[in-house]
Amino acid sequence: MNSLSEIGFAIQQSRKENGLTQEQLAELADISERTLRAIETGVGNPSITAVLSAVAVLGLKIVVEK
């Protein structure tokens, strides 16, 4: 993945596949719905901690390659 918007799209797709609302995922990830919306849309500047929290709840992982 090359951008925050691609990561956000993957998180959104996984959330929907798991039958979760934004409210539910935000609660499970201990982040605000506003932050989750920012992550999913690739807008703003969410913290890496917030992104990793949502990713962990969904059982996803982010790989950094050189």
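Residues are listed down the side, and each one gets a yes or a no for (1) assigned to a loop (DSSP other than H, G, I, E, B); (2) surrounded by 13 or more Cβ atoms within 10 Å (Cβ to Cβ):
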site	(1), (2)
SER5	no, yes
GLY19	yes, no
ALA26	no, yes
PRO46	yes, yes
VAL63	yes, no
Output the residues belonging to the stretch 29-44 that are assigned to a loop (DSSP other than H, G, I, E, B), touching a Ser or Thr at 6+ places or on another chain (Cβ under 9 Å) and modelled with pLDDT of 95 or more.
-> ASP30, ILE31
What about LEU4, is it of a type outside the set (Ser, Thr, Tyr) and modelled with pLDDT of 95 or more?
-> no
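For the stretch 27-42, enumerate the residues that are of a type in the set (A, V, I, L, M) and either farther than 24 Å from VAL64 by Cα or more than 12 Å from the chain's Cα centre (by Cα) (or both). Explain how you work it out, then say what you get.
Let us first name the residues in the stretch 27-42 that are of a type in the set (A, V, I, L, M), namely 28-29, 31, 36, 38-39.
Matches in the stretch 27-42: LEU28 only.
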Index of the failed condition, GLN12 passing every other in (1) surrounded by 14 or more Cβ atoms within 10 Å (Cβ to Cβ); (2) at pLDDT below 95; (3) not aliphatic (A, V, I, L, M) | (2)
Of the numbered conditions (1) at pLDDT 95 or above; (2) over 12 Å from the mean Cα position of the chain (by Cα); (3) aliphatic (A, V, I, L, M), LEU60 fails exactly one; give the number of that condition.
-> (2)
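The values are calculated or read from the model by the stated rules, or taken from the named source; none is laboratory data. Keep in mind the model is a prediction, meaning the values are calculated, not measured. FYI the Cβ positions are ideal-geometry reconstructions off the backbone, even for glycines, and counts take in every protein chain you see.
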